[in-house]
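Here is the structure we will look at.
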Amino acid sequence: MKTIEHQVDFCVVGGGLAGMCAAIAAARHGVKTLLMHERPVLGGNASSEIRMWVCGAHNNLETGLVEEFRLENLYRNTYPCYSVWDSILYEKARFQENLTLLLNCSCQEVEMDGSRVKSVRGYQQTTQRYHRVEAKIFADCSGDSIMAPLSGAEFRVGREARGEFNEPIAPEEADRRTMGMSCLIQARETDKPQTFIPPAWANRYTKAGDLPHRLHNFTPRCNFWWIELGGEHNSITDTEELRDELLKAAFGVWDYMKNYAEEKTAENWALDWVGFLPGKRESRRYVGDYMVTQHDVESEGKFDDIIAYGGWSMDDHHPAGLNTVEKPTIFHPAPSPYGLPYRSLYSKNIDNLMFAGRNISVTHSAMSSTRVMATCATLGQAAGTGAMLAVKNKTSPRGVYENHLRELQQILMDDDSWLPGIRRPVSALSSAAALKASSGEPEMLRNGYDRPLNGSENAWECNVGDHAEYDFGKSADIQEIRLVFDSDLKRPPWQMVSNYPLDMPPYTPPATLVKGFHVEIEDESGSTREVYRTADNYQRLVKLPCRERAVKVRLVIDSLRGDGPKKVFGFEVK
């Protein structure tokens, strides 16, 4: 069979949210990138094939690329359809400059050159061709860490012994047990009763005691994450057999909801979808220069090399899943936010191998929090940005840590990836200029904090017709205008729905956003000229290329998405 050869700077294996963000981040910064993904749709556990909500830090919604995806979805996917969500993720990668996308392509081989990965080889089942990819830097965002056994990279599976890192929530002895996997189900409400006849091979649950500690009545917000098995098995090699058992359980659970539950809350609901691809929580984890532990999470992860943050509980699922009568999960508290270090995103023993997602260098205990997808997405953005710096500086991922860490953090913050505890540097041009506004206090627009923090809104409050203006005192060269609007980071985090009620409210962009605005410049003669206008903004971060010379730059607010004044967190001229 024919082999297609590719030469790129950065190759990402795995197109879940982490891999997508890694690839897109690098490509947007000019690095020739290739993304190899074994499925027909992107998004991993968030895709239409699995349909898990995109969860992240409690009460601290993630920004950067994952927020861009979510806001695009709220704007375009007015009736939350998974095919539309798939198409949004697809277009973000497929039409990104500098990015080659290989779907339905499964990584099968790794070619090594000493302690470096030279190439990967994948088989594309739709074309019956192989693709061989040479790159300077590789990132394994496959979840199952397919490149680990193929490259000889150090990795771990299972739970560490309590004494190894003195983690109180770890088991007394180490084992190879993991969290299991789930096949989710979705239902749709109708205006009349619906019958359900289960397949003969489905599990039979006829009383509440058959599903101890599980949901026993149906609501539109039901998420059947607890239809889970596999933690006592090999979560990679046993997946097909576990899928069979999960399907028996999934159809059996719906049979119980429809035909046996004392609460007749599912009477008008019909089974709409069942996942035949299990969504995984845990398998191989890489070993990097640093391994994050329970103690790092609990102490808020105040790392010097912070590049992302988490904030989900340490949500440790019982390895037996449905097969235990104990509680299916224990939510150990975790602060929100806590920082995550760059040193956990590259291999300890393979010089040019990075990783992002649920497979980063963490203990099982810490991974029970870091594994959720919005956190994984921010880790991916950090890995892709780190890879970009490694390529541009002709160094390794470790070399970025040693010599370019502050630049990495600054680029991430400029791309709206918040790093708790660090102030985003503001351009010298904006810092030195006179800043005034038609109303309100505009200084918050250049304070380097693009969200509410520690009781401060860090925002300029504005209404229709208001403007903020930079005066440089003399003509200055302008390259870019950076704006950050309020996308309501306290809104509910659920990206997509778990079920479809009759009265499904439409998706809309957050009402806190500025909808219409324009930017104008004034030259030395006093002439004013408009350089940008939109009547339908729905994004939080807006970067406007602007190759101009100007004495003044003015942001004018034209319309709002909801009633009342709005907040603008950032207005910066570079």
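Evaluation of Thr237 against the conditions (1) under 20 Å from Asp144 (Cα atoms); (2) at pLDDT below 95 shows that the sole unmet condition is (2).
Within the stretch 276-314, being outside any loop (DSSP other than H, G, I, E, B) and either among the polar types (S, T, N, Q) or closer than 24 Å to Thr239 by Cβ (or both) holds for Gly279, Lys280, Arg284, Arg285, Tyr286, Gln294.
Got a number for residues in the stretch 465-476 being in contact with a strand residue (DSSP E or B) (Cβ under 6 Å, 6 or more places away or on another chain) and either assigned to a loop (DSSP other than H, G, I, E, B) or over 16 Å from Glu520 (Cβ atoms) (or both)? Counting residues in the stretch 465-476 that are in contact with a strand residue (DSSP E or B) (Cβ under 6 Å, 6 or more places away or on another chain) and either assigned to a loop (DSSP other than H, G, I, E, B) or over 16 Å from Glu520 (Cβ atoms) (or both) gives 1. When residues in the stretch 214-273 are screened for being touching a Cys at 6+ places or on another chain (Cβ under 9 Å) and either of a type in the set (Val, Ile, Thr) or in the same structural domain as Ile50 (by TED's automatic domain parsing) (or both), 1 of them pass. If you go through the stretch 382-430 and pick out every residue that is of a type in the set (Asp, Glu), surrounded by 22 or more Cβ atoms within 10 Å (Cβ to Cβ) and assigned to a helix (DSSP H, G or I), you end up with 0. For the stretch 123-168, residues that are under 25 Å from the mean Cα position of the chain (by Cα), surrounded by fewer than 22 Cβ atoms within 10 Å (Cβ to Cβ) and among the small types (Gly, Ala, Ser) total 1. Is there a residue being part of a loop (DSSP other than H, G, I, E, B), of a type in the set (Asp, Glu) and under 30 Å from Asn223 (Cα atoms) anywhere in the stretch 444-463? No: the stretch 444-463 contains no residue that is part of a loop (DSSP other than H, G, I, E, B), of a type in the set (Asp, Glu) and under 30 Å from Asn223 (Cα atoms). Note on the stretch 48-150: no enclosed strands (runs of 3 or more DSSP E) hold 3 or more residues that are farther than 23 Å from Thr33 by Cβ.
Pairs meeting the criteria (first residue in the stretch 551-574 and touching a residue at least 60 places away in the same chain (Cβ under 8 Å) and hydroxyl-bearing (Ser, Thr, Tyr), second residue assigned to a strand (DSSP E or B) and surrounded by fewer than 19 Cβ atoms within 10 Å (Cβ to Cβ), beta carbons under 9 Å, at least 6 apart or on different chains) are Ser559/Gly516. Considering the stretch 315-343 alone, what residues qualify as being of a type outside the set (Ser, Thr, Tyr), outside any loop (DSSP other than H, G, I, E, B) and closer than 27 Å to Asp416 by Cβ? Residues satisfying the conditions are Asp315, Gly339, Leu340, Pro341, Arg343.
Quick check on Thr508: is it loosely packed, with under 14 Cβ neighbours inside 10 Å, touching a residue at least 60 places away in the same chain (Cβ under 8 Å) and not assigned by TED's automatic domain parsing to the domain that holds Phe224? Considered against the rule, which asks whether it is loosely packed, with under 14 Cβ neighbours inside 10 Å, touching a residue at least 60 places away in the same chain (Cβ under 8 Å) and not assigned by TED's automatic domain parsing to the domain that holds Phe224, Thr508 comes out as yes. If you take the residues in the stretch 557-574 that are basic (Lys, Arg) and part of a strand (DSSP E or B), which one is surrounded by the fewest Cβ atoms within 10 Å (Cβ to Cβ)? Across the stretch 557-574, the extreme among qualifying residues is Lys567.
Across the stretch 229-259, the number of residues qualifying as closer than 18 Å to Leu322 by Cα and surrounded by fewer than 15 Cβ atoms within 10 Å (Cβ to Cβ) comes to 4. Evaluation of Ala270 against the conditions (1) outside any loop (DSSP other than H, G, I, E, B); (2) in contact with a helix residue (DSSP H, G or I) (Cβ under 8 Å, 6 or more places away or on another chain) shows that the sole unmet condition is (2). Filtering the stretch 432-463 to residues that are out of contact with any Pro (no Cβ under 9 Å at 6 or more places or on another chain) and either among the aliphatic types (A, V, I, L, M) or outside the structural domain of Val556 (by TED's automatic domain parsing) (or both) leaves Ala432, Ala433, Ala434, Ala437, Met444, Leu445.
With the structure loaded, tell me whether Pro198 is crowded, with 16+ Cβ neighbours inside 10 Å, outside any strand (DSSP E or B) and in the same structural domain as Asp244 (by TED's automatic domain parsing) or whether it fails that test. Yes; evaluated as a whole, the condition is true for this residue.
Suppose the filter is assigned to a loop (DSSP other than H, G, I, E, B), small (Gly, Ala, Ser) and either surrounded by fewer than 11 Cβ atoms within 10 Å (Cβ to Cβ) or touching a strand residue (DSSP E or B) at 6+ places or on another chain (Cβ under 7 Å) (or both); does Gly526 pass it? Here the answer is yes, as Gly526 does meet what is asked.
Which one of these is surrounded by fewer than 19 Cβ atoms within 10 Å (Cβ to Cβ), modelled with pLDDT of 95 or more and at negative phi: Ala459, Ala434? None of the others qualify; the one that does is Ala434.
Against the criterion of being charged (D, E, K, R) and within 25 Å of Pro198 (Cβ to Cβ), Glu298 does not qualify.
For the stretch 279-290, what are the residues that are within 11 Å of Phe155 (Cα to Cα) and surrounded by fewer than 24 Cβ atoms within 10 Å (Cβ to Cβ)? Listed by number, the list holds a single entry, Val287. Residue pairs whose Cβ atoms lie under 7 Å apart, separated by 6 or more positions or on different chains, with the first residue in the stretch 179-192 and surrounded by fewer than 16 Cβ atoms within 10 Å (Cβ to Cβ) and the second hydrophobic (A, V, I, L, M, F, W, C), are Thr190/Ala270; Asp191/Leu502. Among the residues making up the stretch 344-364, those that are among the polar types (S, T, N, Q), assigned to a loop (DSSP other than H, G, I, E, B) and under 15 Å from Leu379 (Cα atoms) are Asn359, Ser361.
The values are calculated or read from the model by the stated rules, or taken from the named source; none is laboratory data. Everything quoted here is computed from the prediction, not taken from an experiment. Cβ coordinates were reconstructed from backbone atoms using ideal geometry, including for glycine residues, and neighbour counts include every protein chain displayed.
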